[in-house]
Amino acid sequence: MRKIALGVASLGLVAGLVLVFAFARAPVSSADEGEGSCVACHEKLNPGIVSQWRASKHAKADDVVSCDTCHGSDHQCEEDADKARTPSPKTCKKCHFKQVKQFSKGKHALADLSAKAIPMVANQPEAIQKMACLGCHLIGKKWDDGSVGKCDSCHTRHLFSAEEARQPEACETCHMGEDHSQYEMWRSSKHGIIHHTQPKSGRAPGCYNCHMGDGDHAVMTGWGFLGLRLPNTTEEWNNDTMTVVKAIGPWGHDEEGMNARVGAIKALQLARLDDESFQKARTKMLDACTKCHSRSYAKEHLESADEIIRETTHLLAEAVRIVDGLYTDGILPETEDGPKHTDLLLFYDSPTEVEQELYRMFMFHRQKAFQGAIHVNPDYMHWYGWAPMKSSMQRIQALAKAMREKAGK
Ligand code: HEC
Ligand code: HEC
Ligand code: HEC
Ligand code: HEC
Ligand code: HEC
Ligand code: HEC
Ligand code: HEC
Ligand code: HEC
């Protein structure tokens, strides 16, 4: 009897101590999940956030990376929620220096700049602008603290998983659609089919194997988005490239305008203007292929894709010259606020039918032809790419001819 009473009394003492301790506790510490902590309150408010965090390596680390590690501890209760800090890559950098640094040197870090570089965007309704560009280009967000990027573009919060980012679907939201359908191309290529039908085999590559296989967050390819670079292997190819480059951009076609344009193209790395970086990217890519193919096999594939880029650039340049001719001969009118020359970056705001056709040839068909060739997808290369390019060319020729006849020239 006495033994039991003593037991109850000491239990009471322990419980009391625990209670006193709980109330006297300092606001928060990283590993804290007790009453009044970030985790306890948010577990009720947003159980999804907390359970994802619990499943993350951050929660399981010896030195727990908790809510306050990233969001600070200025916000403590319902009333001061606006004091919670929004973490930027600078926050991650404390522990992931390498990835943050690499990311800041890669192409994704330029996404903010490029979204702002296209003037016709400003003519769209504000709500359209916001989702149309930033929906994807926020991956290169510039923060007030000087850091750049949104790491949760690929490692979504609050799981922050490397395995998730290794899935091609992590790239799909952005790398899909008319002008950069890399996901669709890859998915229906032999690589994508094997990746999906034998997911655990590791036999076939997803995006990350070829583009981030060594964990390098500074993604950048040789040819880039538009498959335009200088120097190329022939003079004709260089001339064709210059014809297209001149038609990119509203910066005017005089010398001053041309310099401004080249400056912007360089800053954005829109066209690649040095051979060294191309060769470096090519070597790195071949190293990735060599894990599964012989070097010469992979090299042959990439070189035949290069040839397809040459052909598509030539066809596009021909079309640009036809439209340019309409301006030079005064058949396309120079208006006060309209373009004075072919301007490929007017996109769907291009003022005439012939320029609309050129826009589709440039942004949709050529993109699919050369990107499909690169991503080993015969159908994208041919039926979604080269074939409609040829049809567009016919249409542009016919429209130009009719316009010249109508103008009597
Ligand atoms: C007593 C409950 C409570 C505690 C404790 C608490 N929060 Fe909150 N927190 C809230 C509420 C309520 C909101 C607002 C939710 C909403 O807008 O739906 C919020 C919002 C947030 C937000 C979002 C802010 C935004 O602008 O969207 C973050 C991040 C956050 N809390 C982190 C933390 C961290 C980190 C801690 C611990 C240092 C913490 N919270 C502690 C109740 C709490
Ligand atoms: C590794 C860093 C990290 C940790 C740890 C972390 N967060 Fe976050 N959290 C982020 C990032 C990054 C964002 C997105 C910020 C932005 O808008 O760019 C975010 C956004 C949020 C938001 C607002 C967006 C939304 O989805 O509602 C809330 C609320 C939030 N966190 C709560 C928490 C809570 C609660 C914890 C702890 C269980 C926590 N966070 C732990 C990095 C972190
Ligand atoms: C206080 C240090 C710290 C901070 C700040 C931090 N992390 Fe981590 N992170 C870690 C630790 C520790 C691990 C686990 C490492 C391990 O287990 O190999 C980790 C792992 C990761 C992983 C790999 C998870 C996996 O599946 O292997 C990713 C991705 C990650 N963090 C992203 C972020 C991002 C994004 C931020 C900023 C929003 C951030 N971290 C902030 C310490 C931190
Ligand atoms: C949130 C959207 C988004 C996600 C997710 C995303 N990207 Fe990107 N990616 C972009 C944007 C936007 C650009 C163009 C950046 C610019 O404007 O300069 C880009 C550019 C690239 C480039 C550079 C091409 C060049 O110009 O040389 C590569 C390679 C790339 N991404 C690969 C990937 C891979 C692989 C993944 C998945 C692991 C991925 N991206 C996930 C939006 C995204
Ligand atoms: C679905 C997501 C998405 C949307 C929406 C989007 N972009 Fe992009 N954008 C990308 C991706 C992905 C790339 C890179 C593709 C590649 O390299 O093949 C890119 C590339 C670019 C580039 C070329 C970057 C370079 O230097 O290589 C520019 C410029 C650009 N986008 C501007 C815009 C503008 C302006 C808008 C809004 C009108 C917009 N984008 C809307 C995903 C998007
Ligand atoms: C374009 C998609 C993408 C973005 C954006 C991205 N990552 Fe990653 N990250 C990956 C991929 C893919 C891996 C897996 C690489 C591997 O397995 O070699 C990875 C791996 C990691 C790892 C685990 C490294 C390891 O060795 O275990 C960390 C940590 C990490 N990323 C942090 C970050 C941080 C911090 C940012 C923001 C600056 C960021 N990531 C942005 C795709 C991305
Ligand atoms: C088998 C390897 C491989 C896989 C898998 C792969 N790519 Fe590529 N990717 C390449 C090569 C090669 C290039 C062109 C390199 C060059 O310019 O020399 C390229 C180019 C790109 C570019 C620049 C524009 C273009 O299309 O030419 C982007 C963006 C891109 N890839 C994204 C992705 C995404 C997203 C995935 C997954 C859905 C993916 N890639 C899968 C090898 C691959
Ligand atoms: C993770 C392994 C892996 C990597 C990395 C890889 N491939 Fe493949 N690739 C395969 C497999 C498996 C097949 C299907 C069997 C075969 O044809 O060898 C294939 C098929 C191909 C084919 C024939 C496609 C067809 O439709 O018949 C080409 C061309 C090719 N790969 C080129 C490349 C290039 C170029 C790279 C690098 C940019 C690359 N691969 C990287 C595994 C890989």
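The values are calculated or read from the model by the stated rules, or taken from the named source; none is laboratory data. Note that the structure is predicted; figures quoted are calculated from it, not measured. Heads up, the Cβs are rebuilt from the backbone with ideal geometry, glycines too, and the neighbour counts pull from every protein chain shown. SASA here: full protein model, heavy atoms, side chains in, ligands and nucleic acids out. Shrake-Rupley method; radii C 1.70, N 1.55, O 1.52, S 1.80 Å.
Residue-by-condition table, conditions (1) more than 23 Å from Trp53 (Cα to Cα); (2) within 16 Å of ligand 2 (Cβ to nearest atom); (3) part of a helix (DSSP H, G or I); (4) over 13 Å from the mean Cα position of the chain (by Cα):
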| residue | (1), (2), (3), (4) |
| --- | --- |
| Cys95 | no, yes, no, yes |
| Gln102 | yes, no, yes, yes |
| Ala111 | yes, yes, yes, no |
| Ala117 | yes, no, no, yes |
| His137 | yes, yes, yes, no |
| Asp145 | yes, yes, no, yes |
| Asp152 | no, yes, yes, no |
| His158 | no, yes, no, yes |
| His175 | yes, no, no, no |
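Every residue, every condition in (1) crowded, with 18+ Cβ neighbours inside 10 Å; (2) assigned to a loop (DSSP other than H, G, I, E, B), yes or no:
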| residue | (1), (2) |
| --- | --- |
| Leu326 | yes, no |
| Gly330 | no, yes |
| Glu334 | no, yes |
| Phe347 | no, no |
| Pro351 | no, yes |
| Arg360 | yes, no |
| His365 | yes, no |
| Lys368 | yes, no |
| Ala373 | yes, no |
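Filtered by the rule that a residue be under 24 Å from the mean Cα position of the chain (by Cα) and open to solvent by 60 Å² or more (accessible area, probe 1.4 Å), region 217-249 gives Met220, Phe225. Helices (runs of 4 or more DSSP H) fully within region 229-289 that include at least 3 residues being within 16 Å of ligand 8 (Cβ to nearest atom): 275-289.
As a summary of the residue check, Cys171 satisfies the conditions (1) assigned to a helix (DSSP H, G or I); (2) modelled with pLDDT under 95 except for the one numbered (2).
Only one of the numbered conditions (1) basic (Lys, Arg); (2) within 16 Å of ligand 3 (Cβ to nearest atom); (3) surrounded by 15 or more Cβ atoms within 10 Å (Cβ to Cβ) is violated by Arg157, and that is (3).
Do we find a residue being open to solvent by 10 Å² or more (accessible area, probe 1.4 Å) and within 24 Å of Gly224 (Cα to Cα) anywhere in region 337-344? Yes; the residues of region 337-344 include at least one that is open to solvent by 10 Å² or more (accessible area, probe 1.4 Å) and within 24 Å of Gly224 (Cα to Cα). Taken residue by residue, region 180-187 has no member that is away from ligand 6 (no atom under 16 Å from the Cβ), part of a loop (DSSP other than H, G, I, E, B), surrounded by fewer than 19 Cβ atoms within 10 Å (Cβ to Cβ) and modelled with pLDDT of 95 or more. Close contacts from region 68-79, counting a first residue that is open to solvent by less than 60 Å² (accessible area, probe 1.4 Å) and a second that is part of a helix (DSSP H, G or I) and basic (Lys, Arg), with Cβ to Cβ under 8 Å and a gap of 6+ residues or different chains, come to Gly72/Lys83; His75/Lys83.
Here are some conditions: (1) closer than 29 Å to Lys60 by Cα; (2) among the polar types (S, T, N, Q); (3) away from ligand 4 (no atom under 12 Å from the Cβ). Thr243 meets all but one. Which one does it not meet? So the condition that Thr243 fails would be (1). Of everything in region 185-227, what is of a type in the set (Gly, Ala, Ser) and near ligand 4 (Cβ under 9 Å from one of its atoms)? Give them in sequence order. Once the filter is applied, which keeps residues that are of a type in the set (Gly, Ala, Ser) and near ligand 4 (Cβ under 9 Å from one of its atoms), region 185-227 yields Gly206, Gly222, Gly224.
Determine whether region 123-146 contains at least one residue that is of a type in the set (Val, Ile, Thr), more than 24 Å from Met363 (Cα to Cα) and either near ligand 7 (Cβ under 10 Å from one of its atoms) or surrounded by 18 or more Cβ atoms within 10 Å (Cβ to Cβ) (or both). There is no residue in region 123-146 that is of a type in the set (Val, Ile, Thr), more than 24 Å from Met363 (Cα to Cα) and either near ligand 7 (Cβ under 10 Å from one of its atoms) or surrounded by 18 or more Cβ atoms within 10 Å (Cβ to Cβ) (or both).
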